[in-house]
Number of protein chains: 2
Amino acid sequence: MPDIQPDKAAVAQQIRHLQDTLYVVNGKWKLPILVAVHQGNSRFRDIQRSVQGITTKVLSMELKALEQNKLVVRKVYDTSPPTVEYTTSSYCDTLQTMILEMIAWGKNHHDRIREE
Amino acid sequence: MPDIQPDKAAVAQQIRHLQDTLYVVNGKWKLPILVAVHQGNSRFRDIQRSVQGITTKVLSMELKALEQNKLVVRKVYDTSPPTVEYTTSSYCDTLQTMILEMIAWGKNHHDRIREE
DNA sequence: GATGCCAGTTACCTAAAGGATGCCAGATAT
DNA sequence: ATATCTGGCATCCTTTAGGTAACTGGCATC
């Protein structure tokens, strides 16, 4: 009976939330793509050039996934040839502080590694 | 000559920092494990029970990787049988705000998904 | 009229991540 | 005495992420 420890349940809950986030932004590329798009790269090739090393196939797949998760918006303009524009959604903005934290940590970590 | 756009370089730099972070905490399990350990689960089996669904093999591998990245500390006590204790390092604390942001976002995202 | 740009798609392949199962040895609990 | 706990390791297998390369079809440019 005293086996039930409420804080263990709370920790488990936190871990589940964390895993929900990881599920959406998993992989090498999703967050870098979001940053690139958010910073104004709206065209497919521009994004590809910003995110060093990504191939067209992977970028195409990742953009689709991000669109499904409502983080980016894809608009096609009926020009000739058709123009495609990617933008980040307002929902994507809710990720901003998290991403900024990750960028800051990465910078700090990089400096730290170089010191060794 | 006017091809060089300084803010493009800055964006590229940010993306690189982000990728450095992703490199350290990549995969399904590393951050959940860190949370579990940080919250006081110091024994192997306790961690395994906290991080739902992880197998001993994967946990063992991930703990080694985290130890190599100086995020967790492994101590063996010379009892019989030997007791093994995992704790988070002080360096790991620098990840805290980032992780808290991720947990918060995951919670919010989960609620948002359920509304649909 | 050949080349290159755009926004991708398709097919194929490899490496790595992750999962399933079984095992060990000493100790404690039933 | 036997069942279970500890901290893992070894083996085998499946899945998936990601990479390579080639191609498309309209338009513009050289």
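The values are calculated or read from the model by the stated rules, or taken from the named source; none is laboratory data. Just so we're clear, the structure is a prediction, and the values are computed from it rather than from any experiment. Heads up, the Cβs are rebuilt from the backbone with ideal geometry, glycines too, and the neighbour counts pull from every protein chain shown. Heavy atoms of the whole protein, side chains included, go into the accessibility calculation; ligands, DNA and RNA do not. Shrake-Rupley method; radii C 1.70, N 1.55, O 1.52, S 1.80 Å.
Structure values in brief
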item	result
Highest-first arrangement of B:86-95, A:80-89, where packing means the average Cβ count within 10 Å	B:86-95, A:80-89
Inter-copy spacing of B:Asp93 label points, which lie 7 Å from Cα along Cα→Cβ, given in nm from shortest upward	3.5
Dimensionless Rg over Rh [the protein assembly as shown; C-alpha; Kirkwood]	1.04
Chain B: Rg to Rh, with Rh as the Kirkwood radius over Cα pairs	1.12
Check: the protein assembly as shown dipole with +1 on Lys, Arg Cβ and -1 on Asp, Glu Cβ, in debye	580 debye
Copy-to-copy label separations for B:Phe44, where each label sits 7 Å from Cα toward Cβ, in nm and ascending	5.0
Unit charges at the beta carbon, dipole of chain A: most positive-side option, A:Gln19, A:His110, A:His38	A:His38
Per-residue SASA entry for B:Leu100, accessible area with 1.4 Å probe, Å² rounded to 10	90 Å²
Helix-only [θ]222 nm of chain A, DSSP H runs n ≥ 4, -39500 (n - 2.57) each, per residue, nearest 500	-19000 deg cm²/dmol
Computed label-point distance, nm, for sites B:Lys64 and B:Asp7 using a 7 Å Cα→Cβ extension	4.7 nm
Per the axis that maps chain B onto chain A, nearest residue of B (Cβ criterion) and its distance in Å	B:Glu101, 3
Solvent-accessible ranking of A:Lys30, B:Lys8, B:Lys64, largest area first, probe 1.4 Å	B:Lys64, B:Lys8, A:Lys30
Shielding by partners - mean other protein chain Cβ count within 10 Å, residues of B:7-17	6
Amide hydrogen neighbours beyond the local backbone of A:Val72, cut-off 5 Å, H modeled	A:Glu67, A:Ser89
Virtual spin-label span in nm between A:Arg114 and B:Asp111, 7 Å along Cα→Cβ	4.1 nm
Packing-based order for B:71-78, B:108-115, using average beta carbon neighbours within 10 Å, highest first	B:71-78, B:108-115
Mean-position separation - Cα centroids, the range B:43-116 and the range A:40-116, in angstrom	28 Å
Filter on A:Lys107/B:Lys107; A:Lys28/A:Lys57; A:Lys64/B:Lys30 - keep pairs with C-alpha separation over 21 Å	A:Lys107/B:Lys107; A:Lys64/B:Lys30
Cβ-vector label at 7 Å, B:Glu116, separations to other copies in nm	4.1
Average partner coverage of A:41-50, which counts Cβ from other chains inside 10 Å	1
